[in-house]
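First the structure, in the form of C-alpha cells, and then the observations on it.
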Amino acid sequence: MSDPIQRANDALKAQQILAPVSRQAAAEGIVLLRNHQHVLPLLPSDKVSLFGRCQVDYYRSGTGSGGAVNVPYTVNAVQGMQNNQSINLNQELVAIYQDWLANNPFDDGGGGWAAEPWFQHEMPLDDNLVSRAKSISNKAVVFVGRTAGEDQDNALTKGSFLLTDTEQKMIDTVCAHFDQVIVVLNVTNVIDMSWLDEGENRDSIKGVLYSWAAGMEGGDALADILSGDVTPSGRLTDSIAYQLSDHPSDENFGSDVRNLYVEDIYVGYRYFETFAPEKIRFPFGAGLSYTSFSKQLNSYTVEGSAADAVLHFDVLVTNTGNQYSGKEVASLYVTAPQGKLGQPIKALVGFNKTSTLAPGESEILTIRVPAHVLSSYDDSGVTGHKSCWLLEAGDYQFSLGGSVREAAHIDACWSIKSTLIIDQVSEALAPVIAFERIKPELSEGSFSLGLEAVNTRSIDLEKRIIDNLPTSYTITGDKGIRLEDVKQGRAEMRDFIAQLNAHQLATIVRGEGMCSPKVTPGTAAAFGGVSDELFQFGIPVAAASDGPSGIRMDSGHPASQVPIGTLLACTWNTELNHQLYTLVGKEMQANEIDTLLGPGMNIHRHPLNGRNFEYFSEDPFLTGKMACAQTLGLKHAGVSGTVKHFAANDQETGRHHVDSVMSERALREIHLKGFEMVVKEGEASTIMTTYNPVNGHWTASSYDLNTTILRQEWGYTGIVMSDWWAKMNHCVSGGEESISFTSFMVRSQNDLYMVVENDKAEHGGHNDDTLAALDNGTLTIGELQRCAMNICRFIIDAPVMQRPLKAYEPIKPFSPKSQADEHAILLESNTPLGTKNNTTRTIRVTQAGVYRCSVQASYEKDSLAQSTCSLLINDDFAMTFSLNGTEGKTQTVEGVPIRLEVGDYHLQFNFVKPGLYLDSLTLVQS
Ligand code: BGC
C-alpha cells in the first residue's frame, strides 16, 4: 500500500470536492408533501422556533453496514439553519434544547451492532415553554426522527412506525400555540402519518417535509430548502398509504420461515392505483415545489418497428410561477392492455428532470421508451408463449406526471396488432411451492382482486446443469504466465488459469475479512491474490468496502457520507447520482478501494423493511435507473459498485433463512428488473447475492439465478460474491444449508465466498467442501476454473491492477517514542486490558524483535453482529481487531506481527464499533 500520509491527503481532497455535490443531492431528494398557505419557504421576516431533539441529533444515515461510515463531521439541522443567513431562529429555544440534551445524551444502545434504538426520547414540552416560544416567533418547525438498519425490521409500534406518546404530545402542544407548523421527518423509512388528521388543531400543520437521512451535509441541505435558496424538487419513490395494513404485501411480510409474494407484480402503486386508489395518502411520485410548472407533450414519434421500436416523447416543461426558480420531474406511465396476463393500471416507463428553470423559462425533456421496457413476462403460457417477454396485442396508452395519481393521459398511443415477442428465454427459478397470486378481474368498469394459481417448476435442473458444464482445462502448473500478461493480451485467460492447481483454485474463491491487513485498513474484504502462491502468479489483492452511502472503514479512518439511497432516488436525477458516485469513486481511489458494496437495490416491498433506506424505491424501473447512474458514476472514476442484494432480500427478520417465494413473473418484472437493467445498461461488473433463499434455493448457490438468468440470458461476465458469511444449499434439490457448501456455490457460479477469516483462505476457509467435492466428482475442475476466471477478469480491470504490484508485508515496523515514559509498564507477554471502552497503555520493550500480536476478546452478541477495535502505536495506525459475536465466549483475535525496537510505545485502543470486550493483549516474540 502507498504512503498513508499521501493517501490521507488525497482522501481529504476528494472529500472536499464531494461535499457540495452531496449537499446538492441532499437538497434535491428532500420531498415537500404539504405547503399550505405558502408556509415555506421561510421569509427573512419570519422567526422560527425549532422543536424536537433531532434538530441536534440529526440522523445522517441508518445503522449497520449501510450506515457505518466514520464521517469527519456532520452538519446537523440547527447548524445548517444557523449557517444560513436568511433564517432567523429563536435562539432561546435552541439553548433550552441544548441544555436538555447535555443531560439527556443520544442513546446509541451502547454503540453495538443493531443495538441503537429506532428513536430517541423526546424532551417533554409544557404549555409555558411553547407559549413563550410563540410570543417571540411566528413559525414552528417540529423534527421527528427515526433510524433503521440491518438485522432488524422496523415495527408497527410507537417509536418505530408510529409516533411515541411524547412526540404526539409535542405536535399537539406546538399546534395548540402556533398556527404555522412545519413537520420535518428526519427518517430512514416512511412512517405512519395519521397524526396529520388525528388530534386537535391539526390545521396548524401547514408544512410537511420528508428530509430523510441526508448524509453529513444534511443540515445545510435542509436549510437550503427551508430558506428557499433551493426550491424543492424531490418526489416520493414509494406510495404512502393511510394504514400499514393497506399494503398488499402486509399479510405476507415478517415471517421468519417463508413469505409468499401473493401480491405478485402488484407492489406499491401498481397495486394501489389498480385496486385501491382510496387507500393512498400520498401517491408514488408526490412532491411539491415553491413554484408551478406546466408539462405538455410536444411530440411523440416511434422510431423503428416491432421489438426494435423506440418511442420518443418530447415534453415541454415550463416554470409558470413568477417568483422561484426550480427543477421539475416529468414521469411517463404506460397503461397496457389487460390482455391475458393482466396489468396494473399504470407502470412507470420513463422519466427525466429539467435543469433549474427561472420563472417563465422552458425546457424540452426527451423520454425514450424502447419496446422491451413495455414488455411483460409470461410464466404460465397463457398467451401461448411460455417463458417469453412480450407485448400483448392492443393499445398502449401513456400518461404524464408528476405523481402517478396526477399523471394525465396524453395523446400518444402505440397499437400492437398481434402479440409482439421481445425475447424467448427459458423457465428459471420458478417456485416449487404451489400458491395463488393476485390478478385483476374487471367488473363494472373497475378492477377487483382476483386470484390465480402460480406455475411451479417444470424443468429438470440437474440436466440443465450437467448439459452446461464448462470445459475443464488440464492443469499445467506454472508456465510463467502472469496476470499482467493476460491484461496486455500476451496470453489467454484460460491458459493463465490452467496453471493453478486445485488447492490454489479453492483458495481464490475465498475472500478474507473483515478488516484484512492485506488491503486498506478497516474494509470489508480482501480478494484475489490472498495467498503467497496466488500472488506469485501476479494476482494482486483487491479491496471491497461498504457501501452504499460512503466508504466504511472500521479502522476509524474518515470518509464522506452521502445521503441514503431512498433520498437519492427521490431526486429523480440520474445525472446528479452519476456525478455524486463519480466523486465517491475518486475517494475510493484515494483510499485504494476497488469496489464499493453498493448500490443496494432491493425493492421496497413493505415499509417496515429495516434496510429500505439503503434501497431506492418500490418501483423496479426507477430502481434500475438509479442503480445504473451510480454504477456508471463509479465506473467513470475507475472503480466499481457491487450491486446488492441479488435478489429479493426484502426484509431483515430471519434474513438468513426466510424463503422469498414468488412467481417467475414477479421475480423477473419486479425483483430482478433493476438488476437486469444495471447489468445491461449500467455496466455492472460485480454483484452480491443475498443471505436468504428465493424459491427454496439460497441465492449464493442458485444456479438459475447466477447462471441461467444472470449470465446466459443477460450476458453478464462479471463477478458474483456471496453476502458475508452466507449459507448455501444443494443446487438441484435445495434442502439443508451451510456456510461450508462452497461446492454448490461454485457450481451455481457465485464466484466468491465472502468471507473467511484473515489469512485463512489458503487453509480451507470454514472447512468448506470445495476440494472434497472435486475428489468425489460432484464438482468439476472446469467449474472451479470458471469462477477463477470470472474473478481474475474482474481484477484485470480493477484499479488494483494499476497500482504497483506489492507483496503483502506481514510485519509492520514501529519506532519507540523519542523519550522514555515514566508510566511505561514492562512488556510482558500478556497485558491485561479488561475494557469495553477506549483505553491506552504505555509499554517498555527491552528486547528488539518481531512480536506476534493478538487480543483475547469476547462479544455478547450472536455470530452475525460485528464489532471492531483499532490499535494505534505511537499515534500510527497499527491494526484493527474485528470480532463477530461470540455469545460471550472469549476468543483470541490475531492481529498482525510487528517489529519493535527497544524503547517505550504508547498503545491506544479505539473502539470504532463498540460492543466487544477486550480482556488482554498478547505480544509474544517470534
Ligand atoms: C450485509 C452486506 C454488507 C456486508 C459487508 C452484510 O452483513 O448484508 O450488505 O455489504 O455485510 O459489510
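The values are calculated or read from the model by the stated rules, or taken from the named source; none is laboratory data. No experiment lies behind these values; they were computed from the predicted model shown. Don't worry about glycine lacking a Cβ; one is built from the backbone with ideal geometry, like all the others, and counts go over all protein chains shown. What goes into the accessible areas is simple: the full protein's heavy atoms, side chains included, and nothing from ligands, DNA or RNA. Shrake-Rupley method; radii C 1.70, N 1.55, O 1.52, S 1.80 Å.
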Problem - Burial ranking of peptide ranges 3-12, 888-897 (average Cβ count within 10 Å, highest at the top) - result: 888-897, 3-12
Practice task
Quote to one decimal, in nm, the extra length available between Ala408 and Ser738 on full extension: 0.36 nm per residue of separation minus the C-alpha distance between them.
Solution key: 113.6 nm
Practice task
Compute the distance in nm between two label points, each set 7 Å from the Cα along the Cα-to-Cβ direction, one at Thr831 and one at Gln847.
Solution key: 1.7
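Could you sort Leu101, Leu451 by accessible area so the largest value comes first, with the probe set to 1.4 Å?
Leu451, Leu101
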Problem - Spacing of the two label points (7 Å from each Cα toward its C-beta) at Thr839 and Glu484, in nm - result: 4.7
Handout entry: Rg/Rh for the chain, where both radii come from Cα atoms and Rh is the Kirkwood radius
Key = 0.98
Practice task
With a 1.4 Å probe and every protein chain left in place, tell me how much accessible area Asp467 has, in Å² to the nearest 10.
Solution key: 100
Problem - Magnitude of the charge dipole, the chain, Cβ model with Lys/Arg +1 and Asp/Glu -1, debye to 20 - result: 1240
Exercise for the section: With a 1.4 Å probe and every protein chain left in place, tell me how much accessible area Ile781 has, in Å² to the nearest 10. Expected result: 40
Practice task
Just list whichever of Lys279/Lys353; Lys644/Lys680; Lys340/Lys439; Lys295/Lys625 have alpha carbons separated by over 19 Å in the model shown.
Solution key: Lys279/Lys353; Lys295/Lys625
Fill in the blank from the handout: Taking the chain and counting helices only, DSSP H stretches of n ≥ 4 at -39,500 (n - 2.57) each over all residues, the nearest-500 ellipticity at 222 nm comes to -6000 deg cm²/dmol
Handout entry: Placed amide H near Phe51: partners under 5 Å, 5+ positions off or other chain
Key = Val141, Val142, Phe143
Problem - Most to least packed among 311-319, 816-824, 694-702 [average Cβ atoms within 10 Å] - result: 694-702, 311-319, 816-824
Practice task
Using Cα centres only, tell me the gap between segment 368-418 and segment 591-658 in whole Å.
Solution key: 26
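Could you give the length gained on full extension between Asn767 and Glu681, defined as 0.36 nm per residue of separation minus the Cα-Cα distance, in nm?
27.1 nm
Restricting to Cα pairs below 8 Å that are 6+ residues apart, what does the relative contact order work out to for the chain? Please round to a whole percent.
In percent, rounded to a whole number, it is 12.
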Exercise for the section: Output ³J(HN,Hα) for segment 65-71: one whole-Hz value per residue in order, computed from phi by the Karplus curve 6.51 cos²θ - 1.76 cosθ + 1.60 with θ = phi - 60°, and x for Gly and Pro. Expected result: 4, x, x, 7, 9, 8, 7
Handout entry: 5 Å binning of all Cα-Cα separations within segment 627-675, expressed as whole percents from 0 upward
Key = 5, 18, 21, 18, 16, 12, 8, 3
Completion exercise
For segment 294-427, the dipole about the Cα centre with charges only on Cβ (Lys and Arg +1, Asp and Glu -1), to the nearest 20 debye, works out at 240
Fill in the blank from the handout: Counting only protein heavy atoms with a 1.4 Å probe and every protein chain in place, the carbon and sulfur fraction of the accessible surface of the chain in whole percent equals 47
Handout entry: Karplus-derived HN-Hα couplings along segment 158-174 (A = 6.51, B = -1.76, C = 1.60, θ = phi - 60°), whole Hz, x at Gly and Pro
Key = 5, x, 10, 5, 9, 5, 6, 4, 5, 5, 4, 5, 4, 5, 4, 5, 5
Practice task
Could you tell me which of Gly342, Met754, Leu449 has its Cα farthest along the dipole of the chain towards the positive end, charges placed at Cβ (Lys, Arg +1; Asp, Glu -1), taken about the Cα centre?
Solution key: Met754
Problem - Accessible solvent surface per residue of segment 184-333, calculated while the other protein chains remain in place, 1.4 angstrom probe, Å² - result: 31
Completion exercise
Once both label points are put 7 Å beyond Cα along the C-beta direction, the Gln802-Lys158 separation in nm becomes 5.6
Fill in the blank from the handout: The distance between the Cα centres of segment 293-361 and segment 781-825, in whole Å, is 49
Completion exercise
The rounded separation in angstrom of the Cα centers of segment 722-774 and segment 682-719 is 15
Completion exercise
Between Val541 and residues 5 or more places away or on another chain, the pairs with built amide H atoms under 5 Å apart involve Gly529
Exercise for the section: Provide the gained length on full extension for the span Trp100 to Leu196, in nm with one decimal, where the gain is 0.36 nm per separating residue minus the Cα-Cα distance. Expected result: 31.8 nm
Handout entry: Cut-off under 5 Å, modelled amide H: who pairs with Leu89 long-range
Key = Val48
Completion exercise
Of the residues Ser131, Asn154, Val142, the Cα lying farthest along the dipole of segment 124-165 towards its positive end, which is defined by charges on the beta carbon of Lys, Arg, Asp and Glu, belongs to Ser131
Exercise for the section: Please calculate the 1.4 Å probe accessible area of Ser748, with all protein chains present, and give it to the nearest 10 Å². Expected result: 0
Problem - Relative contact order, percent, segment 427-468 [alpha-carbon distance under 8 Å, six or more residues apart] - result: 41
Problem - Calculated FRET value between Leu864 and His385, using beta carbons and R₀ = 35 Å, to 0.05 - result: 0.20
Exercise for the section: Heavy atoms only, probe 1.4 angstrom, no DNA, RNA or ligands counted: give me Ile17, Ile843 ranked by accessible area, highest first. Expected result: Ile17, Ile843
Problem - Charge-dipole axis of segment 759-831 as Lys and Arg at +1 and Asp and Glu at -1 on Cβ define it, positive-most pick from Ile781, Pro804, Thr770 - result: Pro804
Exercise for the section: Using the heavy atoms of the protein chains and a 1.4 angstrom probe, tell me the accessible area per residue for segment 519-575 in square angstrom. Expected result: 16
Exercise for the section: Return one whole number: the accessible area per residue of segment 357-513 in Å², for a 1.4 Å probe. Expected result: 46
Exercise for the section: Could you name the lysines whose alpha carbon sits less than 22 Å from that of Lys169, not counting residues in the same chain fewer than 8 places away? Expected result: Lys134, Lys139, Lys158, Lys206
Fill in the blank from the handout: Plugging the Cβ-Cβ distance of Glu492 and Ser446 into 1/(1 + (r/R0)^6) at R0 = 56 Å yields, to the nearest 0.05, a FRET efficiency of 0.35
Exercise for the section: For Lys340, Lys861, Lys518, write out the residues from largest to smallest accessible area, computed with a 1.4 angstrom probe and no ligands counted. Expected result: Lys340, Lys861, Lys518
Exercise for the section: Quick one: what are the phi-derived ³J(HN,Hα) couplings along segment 540-549, Karplus 6.51/-1.76/1.60 with θ = phi - 60°, whole Hz, x for glycine and proline? Expected result: x, 9, 8, 10, 10, 9, 5, x, x, 9
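Provide the FRET efficiency to the nearest 0.05 for the Glu251-Ser292 pair, computing r from the beta carbons and using R0 = 35 Å.
So, using R0 = 35 Å, E works out to roughly 0.30.
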